[in-house]
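Below: the structure, in structure tokens.
The values are calculated or read from the model by the stated rules, or taken from the named source; none is laboratory data. Just so you know, these numbers come straight off a predicted model, no measurement behind them. Virtual Cβ from ideal backbone geometry, glycine too; neighbours counted across all protein chains shown.
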Amino acid sequence: MHDDAYMRLFNVRGRQYDAAMARYPQARDAEFDAAVAIAGIAPGECVADIPCGGGYLGRHLPPGVTLYSVDSSDVFADCMRATGASRFLLAPIDDVPLASGRLDHILSIAGLHHVVDRGPFWQECARLLRQGGVLTVGDVPAGSRVATFLDSVVDRHTATGHRGIYFDGATVPELEACGFSVECAEARRIGWRAESRLALADFCRMLFGLEGITTAELLPRLAEGVGLRETDGGVELDWELMFFRAVRR
Ligand SMILES: C[S@@+](CC[C@H](N)C(=O)[O-])C[C@H]1O[C@@H](n2cnc3c(N)ncnc32)[C@H](O)[C@@H]1O
């Protein structure tokens, strides 16, 4: 179930995803902060977030950045309009209505593991970035505990199921073939945070739109399948993402 089917899924699930991000706005701070740090964005630069979902990246950027937010889902478009976001573009991720060479940076977070052929997206990023511009991508690594969790627990408890196409050894050659030099390819543990175990499970249940499983039932699945740890003032889920920093040649 990918591309068109997955977009239909997000038209069903998007509101719940956005509600989870609104109820627990700090839960994924480490993920967005890591992407921004890897990218190395400077004040005054021109950045695009593709696909942006409900636009969660903005508050992690340095001051003075011009941000374009791009998504192809009508539901996320409604979410963006409701927040009064400026520079939102409802467009396919491989056909963005911006001039060639317009951008210094593109960030793409957790949005590509249902895109069957990522080549057209890499090519569109190469068109949009100036020479020397940077594409920073973070998504789930193939073979990781996170991938297994998504394709088992999330698959079982969503009407649409879940089968991801995760980042593997093919990703770097794909990027290089589309005009990028990959400077960094690194799997990182990213702690998703909440004030308690139940709050973290509630966040995940909402974010993934899980049905037929209670928050209390989900908790051991998260602890065993992904990993949970107590931290100062809260709990962290051992989420993991593969990050690429790719420079437009
Ligand atoms: C998990 S959300 C990530 C959104 C945001 N970047 C974040 O980190 O919260 C996945 C996003 O990918 C987009 N998406 C999923 N499959 C897609 C596809 N096949 N083509 C284009 N966009 C897709 C959805 O519209 C959604 O915004």
Taking the condition within 23 Å of G133 (Cβ to Cβ), in contact (Cβ under 8 Å) with a residue 60 or more places away in the chain and not small (G, A, S), does D49 pass? yes
In the stretch 192-216, residues that are surrounded by 14 or more Cβ atoms within 10 Å (Cβ to Cβ) and without any contact (Cβ under 8 Å) to a residue 12 or more places away in the chain total 0
Which one of D104, D95 is of a type outside the set (S, T, N, Q), more than 11 Å from the ligand (Cβ to nearest atom) and modelled with pLDDT of 95 or more? D104
Of the conditions (1) within 24 Å of M242 (Cβ to Cβ); (2) touching a Leu at 6+ places or on another chain (Cβ under 6 Å); (3) more than 16 Å from the ligand (Cβ to nearest atom), C46 fails just one. Which one is it? (1)
Can you find a residue that is part of a loop (DSSP other than H, G, I, E, B), at pLDDT 95 or above, more than 15 Å from the chain's Cα centre (by Cα) and within 9 Å of the ligand (Cβ to nearest atom) anywhere in the stretch 26-33? no
Boolean, C79 is under 13 Å from the mean Cα position of the chain (by Cα) and under 30 Å from A194 (Cβ atoms): no
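Does A39 satisfy the criteria of being more than 9 Å from the ligand (Cβ to nearest atom), modelled with pLDDT of 95 or more, touching a strand residue (DSSP E or B) at 6+ places or on another chain (Cβ under 7 Å) and on the phi < 0 side of the Ramachandran plot? Spell out how you get there, then give the answer.
On the way: more than 9 Å from the ligand (Cβ to nearest atom): yes; modelled with pLDDT of 95 or more: yes; touching a strand residue (DSSP E or B) at 6+ places or on another chain (Cβ under 7 Å): yes; on the phi < 0 side of the Ramachandran plot: yes.
For A39, the condition - more than 9 Å from the ligand (Cβ to nearest atom), modelled with pLDDT of 95 or more, touching a strand residue (DSSP E or B) at 6+ places or on another chain (Cβ under 7 Å) and on the phi < 0 side of the Ramachandran plot - is met.
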Got a number for residues in the stretch 97-128 being crowded, with 17+ Cβ neighbours inside 10 Å, among the aliphatic types (A, V, I, L, M) and over 18 Å from the mean Cα position of the chain (by Cα)? 4
